[in-house]
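S.K.: Please find one structure pasted underneath; my questions will follow.
The values are calculated or read from the model by the stated rules, or taken from the named source; none is laboratory data. Not measured: the values here are computed from a predicted model. Positions of Cβ are backbone-derived with ideal geometry, glycine not excepted, and every protein chain shown enters the neighbour counts. Just the protein is used for accessible areas: all its heavy atoms, side chains included, with ligands, DNA and RNA removed. Shrake-Rupley method; radii C 1.70, N 1.55, O 1.52, S 1.80 Å.
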Amino acid sequence: MRRAAVAIAAGAMAVSLAACGSAKESGDNADSTGSAKKGDDIKVGLLLPENATARYEKFDRVLIEKKVKELTNGKGEVVYANAKQDASTQNQQVDTMVTNKVDVLIVDAVDSKAIAGSVKKAKDAGIPVVAYDRLAEGPIDAYTSFDNVTVGKTQGEALLKALGDKAKDGQIVMMNGSSTDPNAAQFKQGAHSVLDGKVKIGREYDTKEWKPENANSNMEGAISALGKDKIVGVYSANDGMAGGIITALKAAGIADIPVTGQDAELAGVQRIVTGEQYMSVYKPYPQEADVAAEMAVALAQGKSLDSIAKDKVDSPTTKAIPSVLVPVVSLTKDNIKDTVIKDGIYTVNEICAGKYKAACDKIGLN
């Protein structure tokens with residue numbers, strides 16, 4: 001699998017955030033872990049939140065493991081666990097990693113608040129923590145993700161473009177992510193900054209655990225409340241929920257309305273090819289995964305993050321966290337070749353398999 005395009009990687013490092021607080025406030029993250037300097041023989045704990053979303057097992061885990069090996073001349077070990085969307089399970093997994101004396105943790109939190117105590121436990125044991133994809137609370141040492149407010153803006157702008165003049169007359173449904181995920185709040189913030197005042201929001205939901213079946217039920221409720229002839233589009237915060245939403249729309253006889261998404265999952269890309277889903281947000285996982293691995297290896301080896309993380313962000317509990325935010329791309333049927341195919345995420349054959357071949361041929365994806 002090829003890394004994301006150099007231009008994207010360069011753009012990631014150019015993203016600028018206003019620094020809040022000082023290095024002192026954040027405890028001089030890179031040097032306060034208590035870890036002795038080590039060589040390439042390190043143990044990296046990797047905790048991912050769930051396996052229902054295809055990206056975690058197919059991309060994030062594989063890419064991080066590969067990069068750690070590359071950075072440690074094949075000597076570094078990645079110890080992996082998946083919480084399967086259970087915050088208590090993830091806290092137990094952190095405890096196990098601490099007991100097993102990993103040298104550094106990469107954590108994509110199920111619940112950003114619930115993980116805080118476990119992050120402190122790791123910190124007290126001298127184990128630095130990299131917050132991955134979601135900004136976990138507690139004394140984390142580094143953070144990498146995508147510019148989540150920009151993700152929401154990108155989705156909102158695409159939806160308005162697809163709606164055109166219909167934005168003036170109809171109503172949309174907003175299907176946000178889980179209230180326990182800080183990213184979901186940022187996606188929502190970005191989307192509202194674009195959509196408010198431009199289109200009427202008939203119904204809005206925070207979708208429990210991001211589950212497609214919950215999005216499906218919420219969408220059925222919205223259709224019942226608003227009437228199927230009044231809905232002109234749907235803001236969906238990710239592709240998994242978009243699948244559940246589209247199932248509900250089809251069951252109600254609603255077709256040809258734009259639905260957004262995020263993550264560029266294979267099923268989402270295939271729905272874009274067929275026209276069932278209007279867009280997704282492509283997030284270059286290779287860049288994010290590489291940065292997380294670079295941060296983790298540097299911290300485990302007692303090195304500074306200055307050459308990796310040029311930005312600082314604040315969490316509700318920690319100031320001036322060394323951070324890298326990776327930019328995103330609006331994915332539609334017009335740029336599939338230039339994004340997920342070019343970056344080696346999928347092949348044309350994967351996208352256009354079976355029943356999708358005719359739709360691919362129609363848009364010139366062959």
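The rows are residues; the columns are (1) at pLDDT below 95; (2) in contact with a Gly (Cβ under 8 Å, 6 or more places away or on another chain); (3) among the polar types (S, T, N, Q); (4) surrounded by fewer than 24 Cβ atoms within 10 Å (Cβ to Cβ).
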position: PRO258; (1), (2), (3), (4): no, yes, no, yes
position: LEU266; (1), (2), (3), (4): no, no, no, yes
position: GLN270; (1), (2), (3), (4): no, no, yes, yes
position: VAL273; (1), (2), (3), (4): no, no, no, yes
position: GLN287; (1), (2), (3), (4): yes, no, yes, no
position: ALA292; (1), (2), (3), (4): no, no, no, no
position: GLN301; (1), (2), (3), (4): no, yes, yes, yes
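S.K.: So which residues in the stretch 96-114 are within 15 Å of ASP86 (Cα to Cα) and either of a type outside the set (Lys, Arg) or in a helix (DSSP H, G or I) (or both)?
M.R.: Matches in the stretch 96-114: VAL107, ASP108, ALA109, VAL110, ASP111, SER112, ALA114.
S.K.: Another question, then. Does any residue of the stretch 62-77 turn out to be at pLDDT below 95, crowded, with 18+ Cβ neighbours inside 10 Å and among the hydroxyl-bearing types (Ser, Thr, Tyr)?
M.R.: no
S.K.: On to the next question. Taking only the stretch 335-345 into account, find how many residues are out of contact with any Lys or Arg (no Cβ under 8 Å at 6 or more places or on another chain), in contact (Cβ under 8 Å) with a residue 12 or more places away in the chain and surrounded by fewer than 20 Cβ atoms within 10 Å (Cβ to Cβ).
M.R.: The qualifying residues number 2.
S.K.: Next question. Which residue is most open to solvent (accessible area, probe 1.4 Å), if the candidates are limited to the stretch 162-187 and must be charged (D, E, K, R) and out of contact with any Phe, Trp or Tyr (no Cβ under 9 Å at 6 or more places or on another chain)?
M.R.: Ranking the candidates gives LYS168 first.
S.K.: Would you mind finding the one in SER307, SER315 that is out of contact with any strand residue (DSSP E or B) (no Cβ under 6 Å at 6 or more places or on another chain) and without any contact (Cβ under 8 Å) to a residue 24 or more places away in the chain?
M.R.: SER307
S.K.: Also, I was wondering about something else. Being free of Cβ contacts under 8 Å to residues at least 60 places away in the same chain, surrounded by fewer than 24 Cβ atoms within 10 Å (Cβ to Cβ) and outside any helix (DSSP H, G or I), is that true of even one residue in the stretch 135-146?
M.R.: Within the stretch 135-146, none of the residues are free of Cβ contacts under 8 Å to residues at least 60 places away in the same chain, surrounded by fewer than 24 Cβ atoms within 10 Å (Cβ to Cβ) and outside any helix (DSSP H, G or I).
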